[in-house]
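Heads up: the structure comes next, in structure tokens.
The values are calculated or read from the model by the stated rules, or taken from the named source; none is laboratory data. Note that the coordinates shown come from a computational prediction; the quantities given were computed from them, not determined experimentally. Cβ atoms come from the backbone with ideal geometry, glycine included; neighbour counts cover every protein chain shown. Heads up: the accessible areas ignore ligands, DNA and RNA and are worked out on the full protein's heavy atoms, side chains in. Shrake-Rupley method; radii C 1.70, N 1.55, O 1.52, S 1.80 Å.
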Amino acid sequence: MVAVSSWGRLGSFEHEVLALSDRRQVIRQLKNCRSGIAHGMGRSYGDVCLNPDGVLWQTTGLDRFISLDENTGRLVCEAGVLLRDIQRLTIPRGWILPVTPGTQLVTVGGAIANDVHGKNHHVLGSFGDHIQRIRLVRTNGTTIECGPDLLPNWFSATVGGLGLTGVITEAEIQLRRVVGPWLVTETVPYANLDEFFHLADDSEASWEHTVSWIDCISGDGRGIFMRGNSSDVGQRSEPKVRKRTMPFVPPISMVNSLSLQSFNIAYFNLKKWQAGKNLAHYESFFYPLDNLMEWNRMYGPKGFFQYQSVVPRAIGRDAVHAMLGEIARSGDGSFLAVLKTFGNRQPVGMMSFPQPGVTLALDFPNKGNRTLKLFERLDAIVREAGGRIYLAKDARMPRDLFEAGYLRLAEFLQYRDPGISSAMSRRLMGS
């Protein structure tokens, strides 16, 4: 038994860890093992990949590339391959992952199981939209190969299925053409939520990537809108990035009312001064926090929660305004507050998080009952708006909100593997 925790998760739990490193042996390993859950890089912020006092099937050893067709952009790889390693292999060859989340230090299997999204949902949807085949190993020894046109119900249950339909061992991904690693970007400050929605709507037709930082305690919804497009700027030297590490866990959270207010004022004014167009390397634009290792330590020994919701667009402005009001009144909040819109497209997976609407994501230092009470107030807003909470980043959602937000749950449960269980599945599904 060893201590393992999800990357941003609070605390540490005892697990038995079984390393999967040969996809030809996975069937045998699972058949001789008690109930478990696949675990990749552990970058989920909640308990989706945790199994306290149980087994974790460590998938990072399944890290082999199987094939790459440089004419069509079809990549076949094992589930433990990192998105970072795909990008570094394929971008020099003229191909890129169509969709990636805010970190590239996640596995292909984890990206599928959580159906991750990026800054371009309005153009290209989520990660699952670009998966052509999945090889899934069940704990009863069977193997299922599925895709959008092959056993599509199994595919829809597995994309965004939280690892509960089986262990993903291989995937085939359709990459997209790219001219190089650079993007033309534009930074636009906005003063309130009305300006944000105007910018978001105005940007959808001509900008692939859109996202904004929002000052969650200002009270007026001001923020910084960022948008970008891939660009052919010829041969350029890639920037030399110095990686830094938060060297220790401070005795108390460095994110508090004093530091938060000072940082948000400084950040808004700096970005306002830097507004305009620029050129950015894809790694700095898509994954800014990957260069600050162990940044979660700044929240202190009690850790942090992330709260990410999506609400329908028709009520999006009012719901976001109400959530920001509750956060401002609480005196808590985050440096890392992200507001963006999702496109008008239905998710691939039965349990996928993205839906047409607007999503707000914030980190909160763990202040115990005070933080949980704030979340109850935010839950009420999300519930009334007909929204949902992102399962990959959840550690405490009440079961009734889960069931109200994920309307295909009953359908999904038909595809669960009875030999797979996680802390999240027991908390929200009973087993």
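Couple of notes before you dig in:
- At q = 0.17, 0.18, 0.35 Å⁻¹ the log10 of I(q)/I(0) for the stretch 220-262 amounts to -0.92, -0.94, -1.17, computed by Debye summation with a single uniform scatterer per C-alpha, solvent ignored.
- Dimensions (Å) - the stretch 320-377, Cα atoms, principal axes, largest first: 36, 21, 19
- At 1.567 mPa s and 4 °C, Stokes diffusion of the stretch 176-259 via Kirkwood alpha-carbon radius, µm² per second: 80 µm²/s
- All other residues whose Cβ lies under 12 angstrom from that of residue 73 are scored, Lys and Arg at +1 and Asp and Glu at -1, for a net of +1.
- Highest GNM mean-square fluctuation among 76, 106, 241, for the chain modelled with Cα contacts below 10 Å: 241.
- Binned Cα-Cα distance frequencies in the stretch 208-345 - 10 Å width, integer %: 9, 32, 37, 18, 3
- In order along the stretch 282-291, the Karplus-derived 3J(HN,Hα) couplings, from 6.51 cos²θ - 1.76 cosθ + 1.60 at θ = phi - 60°, round to 4, 5, 6, 6, 7, 10, x, 7, 5, 8 Hz, and Gly and Pro are given as x.
- Residue among 64, 383, 34 with the largest mean-square fluctuation in a Gaussian network model of the chain, springs linking Cα atoms under 10 Å: 34
- Nearby lysines by direct alpha-carbon distance to residue 367 (threshold 16 angstrom, same-chain neighbours under 8 apart not counted): 302
- In nm, spacing of pseudo-spin labels at residue 206 and residue 272 (7 Å Cα→C-beta vector): 2.5 nm
- The chain: DSSP helices with Cα axial extent of at least 20 Å and average Kyte-Doolittle hydropathy no lower than -0.5: 257-273, 316-330, 369-385
- Nonpolar atom fraction for the chain, defined as the carbon and sulfur part of the 1.4 Å probe accessible area, stands at 51 percent.
- Label-point separation in nm, residue 380 to residue 74, each point 7 Å along Cα→Cβ: 5.4 nm
- Count Lys and Arg as plus one, Asp and Glu as minus one, and take only other residues whose Cβ is under 11 Å from that of residue 187; the net charge is then +3.
- Gyration tensor over the Cα atoms of the stretch 130-174: the corresponding equivalent ellipsoid has semi-axes (square roots of 5 times the eigenvalues, largest first) of 16, 10, 10 Å.
- In the context of the full set of protein chains, residues of the chain present 42 Å² of accessible surface per residue (probe radius 1.4 Å, heavy atoms only).
- Taking 253, 262, 218 in turn, the Gaussian network model of the chain (Cα-Cα springs below 10 Å) assigns the largest fluctuation to 262.
- Cut-off 12 Å between beta-carbons: net charge of the residues surrounding residue 178, Lys and Arg +1, Asp and Glu -1: +1
- With helices as the sole contributors, the chain gives -7500 deg cm²/dmol at 222 nm; each DSSP H run of n ≥ 4 counts as -39500 (n - 2.57), and the sum is divided by every residue.
- Descending by average beta-carbon neighbour count within 10 Å, the peptides 55-62, 406-413 line up as 55-62, 406-413, the highest first.
- The stretch 84-195: relative contact order as a whole-number percent, Cα under 8 Å and 6+ apart: 30 percent
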